[in-house]
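Values quoted throughout were computed directly from the atomic coordinates according to the rules given, and no laboratory measurement underlies them. Worth saying up front: this structure is predicted, and the values here are computed from it rather than measured. Counting neighbours? That spans all protein chains shown, and the Cβs are built from the backbone with ideal geometry, glycine included.
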Amino acid sequence: MIIDCHGHYTTAPRQHEGWRNEQIEAHKAGKPPPPRPRMTDDEIRETIAGGQLKVQRERGTDLTIFSPRAAGMGHHFGDARTSEAWASACNELIHRVCTLFPKNFIGVGMLPQSAGVSPKNCISEIDRCVGEYGFVGINLNPDPSGGHWQDPPLSDRYWYPVYEKMVEHDIPAMIHVSAACNPAYHTTGSHYLNGDTVGFNQLMNSSVFKDFPTIKFIIPHGGGAVPYHWGRFRGLAQDAKLGLLTDLVLNNIFFDTCVYHLPGQQLLAKVIPVDNILFASEMIGAVRGIDPETGHHYDDTKRYIDQLALSTEDKAKIFEGNARRVYGRLSVTIEKQSARAV
Ligand SMILES: [Zn+2]
């Protein structure tokens, strides 16, 4: 089985994003938001059958761990109530996709975060996502301000209510920023990769893994700058007398394979132990074109893994085994959702 641990619903029916715009405008005008739009099952089916499901089939993958559009989370818009209503709408929609296509999609929730608002605010949505929707993880935005980095670092006890819930439910978090509202950053070009690198560095310089020995985080987009600069992080850990970086982080931190060229994948697999790498493509996502050097889509990351000089066993870990281990509820959820599909 090939499990893609990183996919977003970038193709949702138009009225979903349309309502989001109306909601933000209503908030600005000090008015209540309009009622949520109606979306039929057929409309949702159409966006998936011609989108992510079609690409899964073309590329030979089986299951996508699926969450709301990351750039669309927009935690910097409105206030805590705006974020709550939007997260609720987005997660419900992911649940509908997973109900319509139970063999192909398993849900991960976005959180109703807002800059300066305690993450305690996210607890009831996490409970709903896991308890009612059967989701297996969350996306945690380390910078709800959208590129201004106004909240405490992930090392701070500020975030501990979320970490406690993650451990309680046995769900990992993918560290994933949303759109940048700071013009210095390009959302998917620099803000995403910065978010990955910053999140890793905050966690390595923390006591989070001492306080939560079983907690698990996925650093997406191949870990941002981390694998390429592994020597720098090792040296920083050594200078700070934190011990060996591998001992410090590799029980708790995992990297996905959303790296859009073969040399990058080769480096990731050379630097990071195979047990800490999870297959992912983030399709249909930030980079949608075809690489003229290969004639294939940049984000067809399975092709790169296929070409790595690794054993079949190691590739099976990357494609399936590691995801089942990191997402503690995944195997049971696969069985439950498959039973429903029959
Ligand atoms: Zn993403």
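Roughly how many nanometres apart are two label points built 7 Å out from the Cα toward the Cβ at Arg288 and Ala309? In this crude label model, Arg288 to Ala309 measures out at 3.8 nm. Using 0.36 nm per residue and subtracting the Cα-Cα separation, the extra length available between Glu46 and Asp170 on full extension is 41.4 nm.
For the residue pairs Lys54/Lys317; Lys31/Lys165; Lys28/Lys216; Lys28/Lys103, alpha carbon separations beyond 31 Å are given by Lys31/Lys165; Lys28/Lys216; Lys28/Lys103.
Report summary: the helix-based calculation at 222 nm, which adds -39500 (n - 2.57) for every DSSP H run with n ≥ 4 and divides by the residues of the chain, gives -12000 deg cm²/dmol. Mind checking which aspartates and glutamates have their C-alpha under 18 Å from Lys210, skipping anything on the same chain fewer than 8 residues away? Cross-link targets: Asp156, Glu164, Glu168, Asp170, Asp247.
One chain, two ends: Leu236 and Asn182. Fully extended at 0.36 nm per residue, the span grows by 16.6 nm beyond their Cα-Cα distance. Short-range pairs are left out: with C-alpha atoms under 8 Å and at least six residues apart, the relative contact order of the chain is 18 percent. Here the gap between Ser207 and Glu25, fully extended at 0.36 nm per residue and compared with their Cα-Cα distance, gives a gain of 61.4 nm. Ranking Ala286, Tyr327, Gly189 by Cα position along the charge dipole of the stretch 188-342, where only Lys, Arg, Asp and Glu carry charges on their C-beta atoms, puts Tyr327 farthest toward the positive end. The packing ranking of peptides 184-191, 248-255, 39-46, highest mean first, is 248-255, 184-191, 39-46, where packing means the average number of other beta carbon atoms within 10 angstrom of each residue.
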